[in-house]
Amino acid sequence: MSADTATPPLPDPPAHLAGYRAACARGELVVQRCAGCGRWVQLPEAACPWCGGGELTYEPVTGTGVVHTFTVVHRSFAPGYRGREPYVMAWVDLPAGVRAFGHVVGCAPEEVRIGMPVRVTFVDELPHWRPA
Ligand SMILES: [Zn+2]
C-alpha cells in the first residue's frame, strides 16, 4: 500500500464522550442531561444545544424503547461499516422522553417497522437495538 492510499488514523474522541464510552463499556445506556435547563441532550455534546450550558451529566436510562424512524443503509461511507450493508440506523423513543440513535440488529432490515419494540444491546461497545 502506498502512502497515497493509506487510511489516516481516526482522531481521538472528544473529551465529552468519555463518560458515554465508559457507560457503554459497562453495558449501560446513558443520555446526557443539562444541569442548567434540565433537558436531555442526545447525541452527546460538549455544551447544551438548548441553553449553552456546559454542565452535562450522563444519566442512566432504560434500555427499552420503540423505533421512531429508521433508514436502511445500502451504501455506507462510514469508516468501519463499508461492507456491512444493508444495515438499519434508527432513532428510538425511550420511556424517559428522549430519543436514542443506533443500529438495529438481530433481524432482517425489511422486518424493521416504526413502532417496533426494541431493546438495547452493545456491539463493539456502542448501543445497538434488537427486537424486544
Ligand atoms: Zn441546557
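The values are calculated or read from the model by the stated rules, or taken from the named source; none is laboratory data. Nothing here was measured: the structure is a model prediction, and the numbers come from that model. In this analysis, Cβ positions are derived from the backbone assuming ideal geometry, glycine residues included, and neighbour counts consider all displayed protein chains.
At-a-glance table
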quantity	calculated
Boolean, residue 78 is without any contact (Cβ under 8 Å) to a residue 40 or more places away in the chain and either away from the ligand (no atom under 15 Å from the Cβ) or part of a strand (DSSP E or B) (or both)	yes
Selection within segment 98-125 - at pLDDT below 95 and surrounded by fewer than 16 Cβ atoms within 10 Å (Cβ to Cβ)	101, 123, 124, 125
Test result for residue 57, without any contact (Cβ under 8 Å) to a residue 60 or more places away in the chain and within 16 Å of the ligand (Cβ to nearest atom)	yes
Of the criteria (1) within 14 Å of the chain's Cα centre (by Cα); (2) more than 25 Å from residue 107 (Cα to Cα); (3) not in a loop (DSSP other than H, G, I, E, B), which one residue 16 fails	(1)
Of the criteria (1) under 30 Å from residue 114 (Cβ atoms); (2) in a helix (DSSP H, G or I); (3) in contact (Cβ under 8 Å) with a residue 40 or more places away in the chain; (4) not charged (D, E, K, R), which one residue 68 fails	(2)
Candidate set from segment 37-58 (those that are of a type in the set (D, E, K, R) and surrounded by 14 or more Cβ atoms within 10 Å (Cβ to Cβ)); member that is farthest from residue 127 (Cα to Cα)	39
Residue in segment 22-35 that is at pLDDT 95 or above, surrounded by 14 or more Cβ atoms within 10 Å (Cβ to Cβ), under 14 Å from residue 127 (Cα atoms) and within 15 Å of the ligand (Cβ to nearest atom) present	yes
Residue in segment 62-72 that is within 13 Å of the ligand (Cβ to nearest atom) and surrounded by fewer than 19 Cβ atoms within 10 Å (Cβ to Cβ) present	no
